[in-house]
Amino acid sequence: MDRHEQLELDIPAFVASRLEEDAARRLRDHLAECESCRELVASWTEIVAGMREGGEELFAPHPTVAALREFARVLKPGGRM
């Protein structure tokens, strides 16, 4: 893996403010010169913002097997209840 690829992998942590300061500084320096990485930062910024604004639903517990079976049992043919 080359240096550019490693910097790309650091972008999600950078956007989430979870990158160590030395690594964040290296990435900021790189961003000053690399448009494709700036575009990745913009994309990840939108993703992180979406997760902060309601993304907790992504991490809600899954329904139990019993609840899924009950849902399937009452589901009428054609996918309607």
- Taking only protein heavy atoms into account and a 1.4 Å probe, give the accessible area per residue of the range 1-42 in Å². 70
- Message: Only sites in a loop by DSSP and with at most 15 other Cβ atoms within 10 Å count here; which trypsin sites (Lys or Arg not before Pro) in the range 1-57 make the cut?
- Response: 18
- Query: When the accessible area of the chain is computed with all protein chains present and a 1.4 Å probe, what percentage of it is carbon and sulfur?
  - Reply: 55
- Please identify, among 48, 15, 65, the residue showing maximal mean-square fluctuation in a Gaussian network model of the chain using a 10 angstrom Cα cutoff. 65
- Note on the structure: Taking Cα atoms, the helix 3-15 axis meets the longest principal axis of the chain at an angle in degrees (rounded to 10) of 60
- Note on the structure: Note on the chain: contact order normalised by length, alpha-carbon pairs under 8 Å, 6 or more apart, percent, works out to 26
- Message: How large is log10 of I(q)/I(0) for the chain at q = 0.20 Å⁻¹ when the intensity is taken from the Debye formula with one equal scatterer per alpha-carbon?
- Response: -0.89
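The values are calculated or read from the model by the stated rules, or taken from the named source; none is laboratory data. As the structure is a computational prediction, the values presented were derived from the model and not from experiment. As a convention, Cβ positions derive from the backbone with ideal geometry for all residues, glycine included, and neighbour counts pool all protein chains shown. Areas reflect the complete protein model, heavy atoms only, side chains present, ligands, DNA and RNA absent. Shrake-Rupley method; radii C 1.70, N 1.55, O 1.52, S 1.80 Å.
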